[in-house]
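Please read the structure below before turning to the comments.
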Amino acid sequence: MHPFRKAVEDGDMDAVAALLADDVVFTSPVAFKPYPGKAMTAAVLRAVSRVFEDFRYVREIANPDGRDHALVFTATVAGKQLQGCDFLHFDADGRIDEFTVMVRPLSAAHALAEAMGAQFERITQEAATTE
C-alpha cells in the first residue's frame, strides 16, 4: 500500500500534506483552473475529507517506476454515490507534484461541486494560514 493511500485511509491529513511537493498542482474535477501550491492543495484535501462520506479506496494501480499512481475510490456526497480516481505523479524526491482527480457520475460531480463550494471560504483561510 502506498504511503499516500495509508495516510488518507488513516485520516492523517498531516501525513498527507507531508507527501506533497511545495510546487504541487492540484486539478479538481469540479473547478476550471488548477490549484497551485502545497498549502492550497492540503486545504482542499482536508475539505474533501470533510465532505466525503464512506470514502474508501478500492484499487491501486502503479507505474513500474513508481512515479505514477492511480487510486480508484468510492464515496458518498450529499446522498449521491460516486466513483473517482486520484492520479498522482511523484517528483524525483518522492513527493506528489501533480494531483488530478476525476469523478463520475455527473450528478455526484454536481453534488461534490456544491459541497466543496460551501467549503471554499474555509479552504482559502486554511491555505493562507499555512503558507
Next on the checklist: Being farther than 20 Å from D12 by Cα and touching a Ser or Thr at 6+ places or on another chain (Cβ under 6 Å): is that true of P34 here?
Outcome noted: yes
Next on the checklist: For the condition in contact with a Gly (Cβ under 9 Å, 6 or more places away or on another chain) and either over 14 Å from E114 (Cα atoms) or open to solvent by 50 Å² or more (accessible area, probe 1.4 Å) (or both), what is the one hit in A42, A70, A62, A75?
Outcome noted: A75
Checklist entry - Within the group D12, D86, which residue is more than 12 Å from the chain's Cα centre (by Cα) and acidic (D, E)? => result D12
Checklist entry - Quick check, is E9 more than 27 Å from Q125 (Cβ to Cβ) and open to solvent by 30 Å² or more (accessible area, probe 1.4 Å)? => result no
Checklist entry - Which residue out of T100, T130, T41 is polar (S, T, N, Q) and touching a helix residue (DSSP H, G or I) at 6+ places or on another chain (Cβ under 6 Å)? => result T130
Next on the checklist: Tally up the residues in the stretch 103-124 that are in a strand (DSSP E or B) and in contact with a helix residue (DSSP H, G or I) (Cβ under 8 Å, 6 or more places away or on another chain), please.
Outcome noted: 1
Item to check | Which numbered condition E114 misses (of (1) closer than 20 Å to T41 by Cα; (2) in contact with a Pro (Cβ under 9 Å, 6 or more places away or on another chain)) | outcome: (2)
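The values are calculated or read from the model by the stated rules, or taken from the named source; none is laboratory data. Since the structure is predicted, the reported quantities are computational estimates derived from the model, not experimental observations. Don't worry about glycine lacking a Cβ; one is built from the backbone with ideal geometry, like all the others, and counts go over all protein chains shown. For the accessible areas, the whole protein counts, side chains as well, though only heavy atoms, and no ligand, DNA or RNA atoms are used. Shrake-Rupley method; radii C 1.70, N 1.55, O 1.52, S 1.80 Å.
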